[in-house]
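So the structure is just underneath, and the comments pick up after that.
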Protein chains: 2
Amino acid sequence: MTAVLVIEDDDRIRLALLLALEDEGYEAVGAATAEEGLRVQRRDPADYVLVDLMLPGLDGFECIRHLRRDDDVPVVVVSARDDTHDIVAALEAGADDYIVKPVAIKELTARLRALRRRARAGVTGPAPEPVPVLAFGELEISPDGGEVRRAGKPVPVTRTEFRLLCELAEHAGRVLSRQQLLQRVWGYDSGDERLVDVHVGRLRQKIESDPATPRHLVTLRGLGYKLQR
Amino acid sequence: MTAVLVIEDDDRIRLALLLALEDEGYEAVGAATAEEGLRVQRRDPADYVLVDLMLPGLDGFECIRHLRRDDDVPVVVVSARDDTHDIVAALEAGADDYIVKPVAIKELTARLRALRRRARAGVTGPAPEPVPVLAFGELEISPDGGEVRRAGKPVPVTRTEFRLLCELAEHAGRVLSRQQLLQRVWGYDSGDERLVDVHVGRLRQKIESDPATPRHLVTLRGLGYKLQR
DNA sequence: GGATCTATGACAGTTGCGTGACAAATCCGC
DNA sequence: GCGGATTTGTCACGCAACTGTCATAGATCC
């Protein structure tokens, strides 16, 4: 598994990044200060380091120089400051990329992948690209991998079921009306809403341990369906 | 001297970039279309390529794919569009970095330098390229060596089969649609998807111990194919 | 208890996929 | 060049799986 170290003092941002990265299939570790981050990286090196510029104590630039001194790990700066001077200074200090907050997680992972292609001929060879997984209790959905697992076991779902499930998973916790699902999964602007029922039913047979009393894929009478943890 | 090729259709912007790069000590060459840029790069390869996304004729994404196909030159996208989708698409197509216009020349050169640190052999001369071997159970694929082995024994695969297998291996665990495979293996933008089926079938005959129930090269009905461990 | 909404089983039409056959294109040793 | 072997792309067929519709039964609300 590909590991990412996130050095960021703002708890909320750090947590958000960690969760998002884990959803994308990375193993993510956090550190609130440069000192802590360097210690973590020395003890248990990650494959990538994300670092904020404004940190208490040792700042981001210094942190990058230290990382560079004893390691060749790719470093991406994640900063709120969109300023040429900072960008140039960070890159000169040894960073490989610079992203301005707020971060689009898709962009971040795309940049990590681009970096991986360019990563120096490592001793370990190229790490395989992680496959993002969305988890709902014992249920795992990997939109990119095209598969669904329950308690680790693959569940055979059809294409429509899969699309339906992904759509629900993408909006986890929110209700989606039958109309919305028809629109997004089938591309129908109008149509028989019973169609959705039927497919939801079939899906429940496969992913719920007791289809009669669904725990994840629940009905909101009069509103639609939602997927929850 | 370090040479940079700038592919940009807007004369003013291209000229400004060329002049600025020359001021910074680069040797800069311009091209107004993707086609011209590709021709120039083939005849007289630059060390870096800057490319705009919106180009007449062949667009930036296609241009990047072509560059990637026959070269390993670092590519930086310079675009007016600051949109996550574009950024992700460009990086996926093979770009190494993405800068939003208007460009600060200092940032651009800093990013080029950062890229040079990471650049593979080519700029600095031929480095001993490690031959990465991708393993899938008893299956071994060495993309550089052009070899496939099953349980240590070499398997004779044809060129197309090999490229297909590499493409799948590179995105191990992810579904690739027939369209994507046609695009990436054959370079077709459209075509008969059954072609993929046939080659997958032939490949299975060779690499699967029981081709009837594939364990690695699996079909995801309605989605495509994927290679797994 | 009636009205409304939802679940589910059955069924026929459709689609998707694997396969073998075949011709064109390409490779290769001579 | 040349002829045979290999590789490649196209096609048609048949099976298996999937999809959408409908009717009916059940659940929930008021």
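What's the number of the only condition in (1) touching a Leu at 6+ places or on another chain (Cβ under 8 Å); (2) within 14 Å of DNA strand D (Cβ to nearest atom) that A:I141 fails to meet?
A:I141 satisfies every listed condition except (2).
What pairs can you find where one residue is in the range A:67-80 and within 14 Å of A:P45 (Cβ to Cβ), the other is hydroxyl-bearing (S, T, Y), and their Cβ atoms are less than 7 Å apart, with a gap of 6+ or different chains?
A:V73/A:Y48; A:P74/A:Y48
From (1) at pLDDT below 95; (2) over 29 Å from A:A114 (Cα atoms), pick out the condition that doesn't hold for A:D144.
(2)
On the basis of being surrounded by fewer than 15 Cβ atoms within 10 Å (Cβ to Cβ), closer than 22 Å to B:G222 by Cβ, charged (D, E, K, R) and within 15 Å of DNA strand D (Cβ to nearest atom), does A:D210 make the cut? Spell out how you get there, then give the answer.
On the way: surrounded by fewer than 15 Cβ atoms within 10 Å (Cβ to Cβ): yes; closer than 22 Å to B:G222 by Cβ: no; charged (D, E, K, R): yes; within 15 Å of DNA strand D (Cβ to nearest atom): yes.
Taking the combined requirement at face value, the residue does not satisfy it.
So which residues in the range B:202-229 are within 11 Å of another protein chain (Cβ to nearest Cβ) and outside any strand (DSSP E or B), if there are any at all?
B:R221, B:G222, B:L223, B:Q228, B:R229
Go through the range A:173-229 residue by residue and tally those that are near DNA strand C (Cβ under 10 Å from one of its atoms) and touching a residue at least 24 places away in the same chain (Cβ under 8 Å). Working first, answer last.
Let us first name the residues in the range A:173-229 that are near DNA strand C (Cβ under 10 Å from one of its atoms), namely A:177-178, A:193-205, A:208, A:210-214, A:217-225.
After this cut, where a residue has to be touching a residue at least 24 places away in the same chain (Cβ under 8 Å) as well, the list is A:177-178, A:196, A:199-200, A:202-203, A:217, A:220, A:223-225.
So the answer is 12.
Given (1) more than 9 Å from chain A (Cβ to nearest Cβ); (2) modelled with pLDDT of 90 or more; (3) in a loop (DSSP other than H, G, I, E, B), identify the lone condition not met by B:A95.
Of (1) more than 9 Å from chain A (Cβ to nearest Cβ); (2) modelled with pLDDT of 90 or more; (3) in a loop (DSSP other than H, G, I, E, B), only one is false for B:A95: (1).
Could you count how many residues in the range B:161-197 are in a loop (DSSP other than H, G, I, E, B) and of a type in the set (D, E)?
Count: 3.
Out of A:R159, A:R163, report the one residue that is near DNA strand D (Cβ under 9 Å from one of its atoms), loosely packed, with under 14 Cβ neighbours inside 10 Å, under 24 Å from the mean Cα position of the chain (by Cα) and within 14 Å of chain B (Cβ to nearest Cβ).
Values: A:R163 fails: loosely packed, with under 14 Cβ neighbours inside 10 Å.
None of the other options fit; the residue is A:R159.
The values are calculated or read from the model by the stated rules, or taken from the named source; none is laboratory data. Remember, it's a predicted structure, so these values are computed and weren't measured experimentally. Glycine also receives a Cβ, built like all others from the backbone with ideal geometry; neighbour counts cover every protein chain displayed.
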